[in-house]
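Since the structure comes first, as structure tokens, the remarks are kept for the end.
The values are calculated or read from the model by the stated rules, or taken from the named source; none is laboratory data. Keep in mind it's a predicted model, so treat the numbers as computed, not measured. FYI the Cβ positions are ideal-geometry reconstructions off the backbone, even for glycines, and counts take in every protein chain you see.
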2 protein chains.
Amino acid sequence: MTATDNPHGSIVTAAILVIGDEILSGRTKDKNIGYIAEYLTNIGIELREVRVVPDITDEIVAALNALRGRYTYVFTTGGIGPTHDDITADSVAAAFGVSIDHDPRAVAMLAERFSPADLNEARMRMARIPAGAELIANSVSKAPGFNIDNVYVMAGVPAIMQAMMDVVGPTLRTGRKVLSDTIRAGLREGDIGGPLALIAQAHPEVSIGSYPFWSETGPDTNIVVRSRDAQKLEAAMAEVKAMVEVERAKLLS
Amino acid sequence: MTATDNPHGSIVTAAILVIGDEILSGRTKDKNIGYIAEYLTNIGIELREVRVVPDITDEIVAALNALRGRYTYVFTTGGIGPTHDDITADSVAAAFGVSIDHDPRAVAMLAERFSPADLNEARMRMARIPAGAELIANSVSKAPGFNIDNVYVMAGVPAIMQAMMDVVGPTLRTGRKVLSDTIRAGLREGDIGGPLALIAQAHPEVSIGSYPFWSETGPDTNIVVRSRDAQKLEAAMAEVKAMVEVERAKLLS
């Protein structure tokens with residue numbers, strides 16, 4: 001894996017595939033989607049889709065094959081530990097139609113942490129890597145993730161996933177970063193929906209989002225303007241700010 | 001909508017479709033998936049899949065049509081507010097091939113909260129409901145969600161979604177609840193992976209999950225045994241507990 005410049009500013013896309021019964025049962029609350037989403041946005045990769053699937057091989061294979069054909073990158077989390085319910089590596093091998101076996105490089109990594117006596121059959125499961133994959137180092141607990149084609153397979157434990165993302169991130173091709181600017185309107189969403197829609201129509205290359213929330217003083221709205229083009233963003237935001245001033249003034253009368 | 005008994009204990013399944021650019025950009029961290037997952041588990045509905053898609057009509061329609069044909073219920077969150085980026089209702093109408101217009105019942109709900117002057121075109125967007133849908137009352141801010149066929153369309157703001165879920169929940173057909181029991185092993189996951197796999201193989205109707213975590217005393221593992229059958233759960237858990245005792249004893253020597 002090597003870092004790749006992307007001077008033409010083309011759009012680089014991604015999907016996340018979360019693998020795990022514990023997320024679907026609600027027992028574990030996912031913390032990885034939000035982290036990876038923010039990470040990718042910050043380096044100029046556009047997250048387009050997320051799926052969460054159970055620990056069932058056919059479900060993992062189907063979701064992975066749907067996503068990897070559609071987006072520049074797919075990041076998976078979960079299912080690469082030492083127990084019988086950790087079936088991600090085998091499922092990824094099945095999705096790519098490649099063999100899977102103990103990888104000597106992965107075994108060596110595990111041997112850094114575990115004594116020969118502790119490196120039992122269960123832990124050796126964590127060295128099962130699909131043929132042709134590159135390993136992703138795990139600075140926390142040694143057992144590696146891996147990268148095959150455009151798919152990056154990472155741990156589900158947030159601290160380990162984050163360490164792996166720090167290894168993977170610098171190697172990814174990135175697009176022009178999406179810039180964003182936010183204004184807190186001091187108005188209810190419904191007070192600005194009409195004029196905001198007109199601004200959005202007039203600025204088709206800018207994405208304008210409206211996010212209501214309750215502040216200490218009552219209902220309020222954050223308006224977020226996003227674009228890859230700083231000038232277009234600035235022009236749209238200027239109109240949003242002027243509109244907000246006008247709507248605030250109306251309510252004062 | 002009426003509550004339905006399910007005396008035969010058949011399995012009732014569900015998917016969640018989260019709609020919103022703000023989740024994919026990482027700007028907003030989703031809190032609804034975990035909440036709905038836990039809620040459904042508690043009433044005996046099995047969450048099988050989650051997807052997060054952007055505010056793009058074709059993406060919403062494609063995901064909704066894939067999910068609603070596959071699971072007993074689909075719950076959507078997000079995109080039913082008063083601004084131009086709230087396109088969920090129109091997308092659901094498109095997915096079902098039905099018309100959409102201002103629904104007099106929804107307009108009446110909005111009129112409870114907003115004066116005629118405040119019930120502007122933007123807020124009236126929140127009364128756009130696909131033909132044939134039933135409304136889901138919103139005790140927080142009045143603007144309703146809706147139910148069409150097996151799809152339940154709810155707000156993205158967690159407090160409002162939760163209020164809607166409390167309305168919807170009692171009307172859903174539910175299956176036999178999945179029971180679960182958890183033991184904290186006091187062992188690293190890799191110490192128990194081998195014997196745990198044998199127990200899992202011997203109990204095919206029981207699902208056994210293994211979830212590592214760091215405790216104040218070091219690495220530890222929660223083992224979760226799940227089944228719809230209390231006796232089968234108990235039998236498997238007894239073996240898990242005995243195995244944990246044995247493995248702990250080994251480490252003492």
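Some points to look at:
- Scanning the stretch B:89-102 for residues that are buried (at least 18 other Cβ atoms within 10 Å of the Cβ) and either touching a Cys at 6+ places or on another chain (Cβ under 9 Å) or of a type in the set (Val, Ile, Thr) (or both) turns up just one, B:Val92.
- The requirement of being at positive phi, within 9 Å of chain A (Cβ to nearest Cβ) and under 19 Å from the mean Cα position of the chain (by Cα) is satisfied by B:Gly20.
- Failed criterion for A:Arg27 (all others in (1) in contact with a strand residue (DSSP E or B) (Cβ under 6 Å, 6 or more places away or on another chain); (2) basic (Lys, Arg); (3) without any contact (Cβ under 8 Å) to a residue 40 or more places away in the chain hold): (1)
- Restricting attention to the stretch B:198-231, the residues that are among the charged types (D, E, K, R), closer than 22 Å to A:Ile87 by Cβ and free of Cβ contacts under 8 Å to residues at least 40 places away in the same chain total 1.
- Residues satisfying the criterion are present in the stretch B:213-229 (criterion: more than 21 Å from A:Ser141 (Cα to Cα), away from chain A (no Cβ under 12 Å) and not in a strand (DSSP E or B)).
- So B:Leu233, is it at the interface with another protein chain (Cβ under 10 Å from one of its Cβ atoms) and surrounded by 18 or more Cβ atoms within 10 Å (Cβ to Cβ): no
- Unique residue being in contact (Cβ under 8 Å) with a residue 60 or more places away in the chain and of a type outside the set (D, E, K, R) when the list is B:Gly97, B:Gly34, B:Gly79: B:Gly79
- Condition check for B:Pro195: within 11 Å of chain A (Cβ to nearest Cβ), closer than 30 Å to A:Arg188 by Cβ, surrounded by fewer than 23 Cβ atoms within 10 Å (Cβ to Cβ) and in contact (Cβ under 8 Å) with a residue 24 or more places away in the chain: no
- Applying the set (1) charged (D, E, K, R); (2) in contact (Cβ under 8 Å) with a residue 60 or more places away in the chain; (3) outside any loop (DSSP other than H, G, I, E, B) to B:Arg176 leaves exactly one unmet item: (3).
- Helices (runs of 4 or more DSSP H) contained in the stretch A:1-105 and holding at least 2 residues assigned by TED's automatic domain parsing to the domain that holds A:Pro144 and over 30 Å from B:Gly44 (Cβ atoms): A:32-43, A:57-68, A:88-96
- Subset of the stretch B:106-149 [part of a strand (DSSP E or B) and either surrounded by 21 or more Cβ atoms within 10 Å (Cβ to Cβ) or away from chain A (no Cβ under 14 Å) (or both)]: B:Ile129, B:Pro130, B:Glu134, B:Leu135, B:Ile136, B:Gly145, B:Phe146, B:Asn147, B:Ile148
- Some residue of the stretch B:74-88 being surrounded by fewer than 18 Cβ atoms within 10 Å (Cβ to Cβ) and acidic (Asp, Glu): no
- All conditions in (1) more than 10 Å from chain B (Cβ to nearest Cβ); (2) at pLDDT 95 or above hold for A:Arg48, with the sole exception of (1).
- Here is the figure for the stretch B:162-185: residues that are in contact with a strand residue (DSSP E or B) (Cβ under 9 Å, 6 or more places away or on another chain) and among the charged types (D, E, K, R) total 3.
- Selection of first residues in the stretch A:156-168 that are without any contact (Cβ under 8 Å) to a residue 60 or more places away in the chain and of second residues that are crowded, with 19+ Cβ neighbours inside 10 Å and basic (Lys, Arg), restricted to Cβ pairs under 9 Å at least 6 apart or on distinct chains, gives an empty result.
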